[in-house]
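Let me begin by presenting the structure, written as structure tokens, before commenting on it.
Throughout, read-outs are computed from the coordinates displayed, never taken from laboratory work. Quantities reported herein were computed from a predicted structural model and do not represent experimental measurements. As a convention, Cβ positions derive from the backbone with ideal geometry for all residues, glycine included, and neighbour counts pool all protein chains shown.
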Amino acid sequence: MTQRMSHADASGVDLVLEQLERGPELVISLVREVPPPLLKRRPGPAKWSAHEHACHLPAVQPLMMRRLEYVLWTPHPVIQPYDPAHDDPADALLAVDLDEAMDRFARERRAMVARLRSLSTSQWGVTAEHREYSHYSVFIMFRHLALHDLYHAYRIEERLLYKPWAEDLKAV
């Protein structure tokens with residue numbers, strides 16, 4: 001099921017790889033700015049804390065690597081969506097050791113980027129069916145992951161900058 005990428009050329013792949021490479025540094029620096037009393041504070045029911053947003057990212061990497069190999073080596077691959085709100089216990093990420101998770105995030109991301117750099121142009125264009133998307137390829141999968149890092153970094157920054165919480169800390 002190999003096709004040329006319709007939405008990316010080599011420069012698009014390079015941009016995705018650069019963002020994937022930088023993702024851990026951005027996330028780790030942000031989560032380290034969050035004051036310890038706020039790390040696990042949730043802004044509301046079923047809303048993740050900064051800690052959970054950060055710990056989710058290394059949890060997803062093994063899934064993405066399994067998906068990569070599955071898509072590359074399975075004729076007519078079909079990707080099942082992953083939704084942590086439905087697939088994982090609600091408070092599972094709160095129990096994860098943040099330091100270990102961030103170390104693993106950086107280490108496993110380096111290995112992921114090295115594996116992705118070894119892909120041929122035709123491998124970047126290999127397609128799969130995804131139950132949620134109109135079209136899907138190795139390129140789209142990892143562009144999605146690069147954007148996913150930024151989404152969670154944004155959420156961490158929201159927790160860091162939330163004015164009422166900063167005022168709560170001043171009052172202590």
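What the table below lists for this structure:
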{"quantity": "Length-normalised contact order for the chain - Cα pairs under 8 Å, 6+ apart - percent", "calculated": "41 percent"}
{"quantity": "0 to 90° range, to nearest 10: angle between helix 138-161 axis and the chain longest Cα axis", "calculated": "10 degrees"}
{"quantity": "Other-chain or far-sequence residues with amide H under 5 Å of Ala128's (modelled H)", "calculated": "Tyr136, Ser137"}
{"quantity": "Spin-label model distance (nm) - Tyr82 vs Ala46, 7 Å beyond Cα toward Cβ", "calculated": "2.2 nm"}
{"quantity": "Relative packing of peptides 23-31, 128-136, 162-170 - highest average C-beta neighbours within 10 Å first", "calculated": "23-31, 128-136, 162-170"}
{"quantity": "For Lys47, Lys40, order by how many other beta-carbon atoms lie within 10 Å, fewest first", "calculated": "Lys47, Lys40"}
{"quantity": "HN-Hα J in Hz across the stretch 30-35 - Karplus 6.51, -1.76, 1.60, θ = phi - 60°, x for Gly and Pro", "calculated": "5, 5, 6, 6, 5, x"}
{"quantity": "Radius 12 Å from Cβ of Leu72, net charge of other residues (Lys, Arg +1; Asp, Glu -1)", "calculated": "+2"}
{"quantity": "Extension gain, Thr121 back to Tyr154 (0.36 nm per residue minus Cα-Cα distance, nm)", "calculated": "8.8 nm"}
{"quantity": "Convex hull volume per residue in cubic angstrom - Cα atoms of the stretch 63-172", "calculated": "144 Å³"}
{"quantity": "FRET efficiency estimate (nearest 0.05) - Cβ-Cβ, Glu100 to Ala171, R0 41 angstrom", "calculated": "0.80"}
{"quantity": "C-alpha long axis of helix 50-73 to longest principal axis of the chain, angle in °", "calculated": "10 degrees"}
{"quantity": "Angle between the chain longest axis and helix 98-117 axis [Cα atoms, degrees, rounded to 10]", "calculated": "20 degrees"}
